[in-house]
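Notes follow once the structure below has been shown.
The values are calculated or read from the model by the stated rules, or taken from the named source; none is laboratory data. None of the values given here were measured: they were computed from a predicted structure. Heads up, the Cβs are rebuilt from the backbone with ideal geometry, glycines too, and the neighbour counts pull from every protein chain shown. Note: accessible area is taken over every heavy atom of the protein model, side chains too, but ligands, DNA and RNA are not part of it. Shrake-Rupley method; radii C 1.70, N 1.55, O 1.52, S 1.80 Å.
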Amino acid sequence: MISTSVTPPRAVLLGQPNTGKTTLFNRLCGLRSHVANYPGITADARIGRWQPGDTTIELVDLPGVYSLDLDLPESTLCRRFLNGKLGEAKPDVLLIFLDASKLARTLRLYAQATRLEIPICCVLTMADSALQQGSSIDIEVLEELLGVPVVSIDGRRRSSLGPVSLAVESATVPSRTPPDDPRDWSRATADSAVIVTDPEARATVTRRTDRIDQFVTHPLWGTLTFLTVMSALFLTIFWLASWPMDWIDALFSVASSVIEGALDAGPLRSLITDGVVGGVGSTVVFVPQIALLFFLLSLLEETGYLARAALLADRFMRPFGLPGHAFVPLLSSHACAIPAILCSRLIPDRQDRLATILVAPFLSCSARLPVYVLLISLLFAGQPLLAGLAFTGCYLLGAIAALLSSLLVRKTILRGPSRPFVMELPPYQRPSIGHALEVAGERSWTFLRKAGTVILLICIALWWLSSYPINAPSAEVQSLRNQVAAASTVDEKTAIEKRANRLQAREQVAASFCGRAGHWAEPILEPVGADWQLSVAILSSFAAREVFVSSLNVVLGAGDDSGAVGSIARVRNSVRDDGSALLTPSSAGGLLVFYVLAMQCLPTLAVTRRETGGLRWALLQLGYMTALAWALGAATRTLLIALGWP
Amino acid sequence: MGNSQLPTDETQFWIVSGIAALAVLLLISRLLRKKSCGGCSSKVLPKDGGKH
């Protein structure tokens, strides 16, 4: 049915929210857009290429809409796109998504789409949910009633590709047009196509769902459940990830030792061991944590629990001036603030949208994970329970900062009430392990790619800046070298030589370009617990927070002769100029709070600027978040010291 | 001590400085040509201008 022309034919996925459009889009195009078991994930039209056999089809994933006639941003976008009013030609084929468990309601959108006079094929999803509710769909009857091909699929399975391809090939303009008010028609059509296999099942499922919902959305029990679930999640991550982390750490240490054994001491060896292996290794070591976090979160999302958490969160968000629509963007922010800010486009009110964009980067994203893990590992070494709780605390602190900041901006520069929230709760469903593994793999690969490119390049540049200019050894080092010659035993000689090497290496880094920048920034960052070495790591992670860990390892590695094995051990064993520990509990606590709240992400600022249409909101976001992070980081450190923590 | 035949420290300095300069250039070029976000995993075709 698809016409052949110079440009590839265009097929558009259209359906109500949470009917599996993006899942199929990802499956067909091999892309990895974010999908979850709650509505409103797709904020914009996404375009991908699908190649069934020898043909190439341009596939467009539109945001989910309940109706094309509503005065909402997503409805307007779909309406304009389908009518060819966005500078693009009208689509060649429409794939209308029908939810087998809510057939009558989803048929209303189909009825509206028939007015567009575009060839249509229908994709029936959620057949498993319908079956749980004691019903199934007679595909042949439905095809007969609609006059277009209908294909039943599970978008998560590869076997769906063939049937969808055939359905698109045979798409046709419907011969029967439903009436202008399609409510009776859609109900009658659904009644004819639905086969009820177990009349009691729907009532049983509804009762069970209602009972669970009453508990998990209860203001007290629901909140406690949410906190318990999140704490258990982070505890599991800390507990399970510690083994693979140790293995990776050991692997990089062995690699470093092998290179040191094979090459003579000199700049090239130092670049490879301290700059490349030390810097990249200290980032790669966090991959198990990232993979586990996204694996478990994906499982949680798919069950439908997070949509209930959204409802619960709405009660807390509204008094703080955040609209209920902000929940999905804010939830997306746990992965990355950028899609969260883009997702805010679906918030109809400009004031609501601006408030959401301003506070979204407070939510802990995956880039913060390595920093959290490093600092929490130092704070609670060998105490996974406390470490898990501290992790939950970091996420909570980010969320609380977002809420209070929203309250502040809504009372000052963005006055006005926020809109109420209406969201359809998806059914509870069994999560797919395969899909969760795919998500975890994709997130880990993205992180590894970044470690192998941007972070590697930053580490090389930073190594050079912390190694040059060459500084002449001080009188103290010279004196130690003279003592080596005069030492009577081999052990004494080795000990003095080690001391001289360590001192010289440290003096070298302190006098390097990096060291000078660190010394310059030290007075500003000292209140949050940073000395000049930590200041270098903070400055270098301005563009991307996760660089903090690798930068710190490069700087410490260049001045290290302690033989500490592993990146966390190296940080733990490092000292300041006065001989005290580099990261005492109070410093680690101050820095942890600083990194929870600081805006150390250049791409997010660029997106804020683009989405708000001006630099001033991005600058406000940067200034406000940095100032808050500094103030609360310093307060935390002072408090910890007052409580007796060194 | 290793057993390699590496160039003198001065030659090594020029080599590592060249590598560092190249790293900075590559970093700048990556930042300039980046159209979509580097943080999330969404791969976006250029056609939608990095919107996702």
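The angle separating the long axis of helix A:305-317 from the principal Cα axis of greatest extent in chain A is about 80 degrees.
Largest first, the residues A:W221, A:W630 sort by 1.4 Å accessible area into A:W221, A:W630.
Relative to the longest principal axis of the Cα atoms of chain A, the long axis of helix A:456-467 makes an angle of roughly 20 degrees.
Inter-chain Cβ neighbour count for B:21-28, averaged per residue, equals 5 (cutoff 10 Å, partner chain atoms only).
Taken about its Cα centre, region A:145-255 carries a charge dipole of roughly 140 debye when the Cβ of each Lys and Arg holds +1 and the Cβ of each Asp and Glu holds -1. For region A:10-205, the calculated P(r), taken from all Cα-Cα distances in 10 Å bins from zero up to the bin holding the longest distance, is 9, 38, 38, 13, 1, 0 percent. When the trypsin sites (Lys or Arg not before Pro) in region A:389-459 are filtered for DSSP coil states and for at most 12 other beta-carbon atoms within 10 Å of their beta-carbon, the remaining sites are A:R415.
Using a simple charge model, +1 on the beta-carbon of Lys and Arg, -1 on the beta-carbon of Asp and Glu, nothing else, what dipole does chain A show about its Cα centre, in debye to the nearest 20? Walk me through the numbers before you get to the answer.
On the way: 55 positive and 53 negative charges, 247 e Å.
So the magnitude is around 1180 debye.
Among beta bridges from DSSP that stay inside the protein assembly as shown, the antiparallel ones total about 40%. Amide H contacts of A:V150: A:C122, each under 5 Å away and 5 or more positions distant or on a separate chain (H built 1.01 Å from N in the peptide plane; Pro and chain starts excluded).
Model label sites at A:V141 and A:W520, defined 7 Å from Cα along the beta-carbon direction, differ in position by 7.7 nm.
On C-alpha positions alone, give me the angle between the axis of helix A:287-303 and the longest principal axis of chain A, in degrees, nearest 10. Long axis of A:287-303 versus the principal axis of chain A: about 20 degrees. Using the Cβ-Cβ distance between A:A89 and A:R350 with R0 set to 35 Å, the FRET efficiency from 1/(1 + (r/R0)^6) comes to roughly 0.65.
Once you wrap a convex hull around the alpha carbon atoms of the protein assembly as shown, what is its projected area averaged over all directions, in nm²? In nm², the orientation-averaged hull projection of the protein assembly as shown is 34.6.
Database remark: amide H of A:R49 closer than 5 angstrom to the amide H of A:L59 (H placed geometrically; neighbours at sequence offset of 5 or more, or on other chains; Pro and chain starts carry no H).
For the pair A:D491 and A:A265, label points projected 7 Å from Cα toward Cβ lie 2.2 nm apart. Placing unit charges on the Cβ atoms only, positive for Lys and Arg and negative for Asp and Glu, gives region A:290-367 a dipole magnitude near 180 debye about its Cα centre.
Shown for chain A: cysteine residues without a partner Cβ closer than 4.7 Å, namely A:C29, A:C78, A:C121, A:C122, A:C343, A:C365, A:C394, A:C459, A:C514, A:C601.
The interface between chain A and chain B buries about 3200 Å² of solvent-accessible area in total (1.4 Å probe, ligands and nucleic acids excluded). Which FRET efficiency value, to the nearest 0.05, is calculated for B:S17 and A:R576 with the Förster distance at 22 angstrom and r the Cβ-Cβ distance? Efficiency for this residue pair is about 0.15.
Between A:L643 and A:N501, the simple spin-label model (points 7 angstrom out along Cα→Cβ) gives 4.1 nm. In order along region A:498-504, the phi-based Karplus estimate (6.51 cos²θ - 1.76 cosθ + 1.60, θ = phi - 60°) of 3J(HN,Hα) comes to 4, 4, 5, 4, 4, 5, 5 Hz; Gly and Pro are listed as x. For region A:322-347, heavy-atom accessible area (probe 1.4 Å) falls by no less than 40 Å² from the chain alone to the full protein assembly at A:L342.
Normalising the average separation of contacting C-alpha pairs (under 8 angstrom, six or more residues apart) by the number of residues puts the relative contact order of chain A at 12 percent.
Compute the FRET efficiency between A:N471 and A:L227 as 1/(1 + (r/R0)^6), taking r as their Cβ-Cβ distance and R0 = 56 Å, and round to the nearest 0.05.
0.60
Sort A:464-476, A:17-29, A:58-70 by the packing proxy (mean of other Cβ within 10 Å over each peptide's residues), most packed first. Don't skip to the end; give the middle numbers.
Working: A:464-476: 16.3, A:17-29: 23.8, A:58-70: 19.9.
Those peptides, ordered most packed to least, come out A:17-29, A:58-70, A:464-476.
Looking at region A:489-646, the pairs of alpha carbons with a distance over 27 Å make up 32% of the total.
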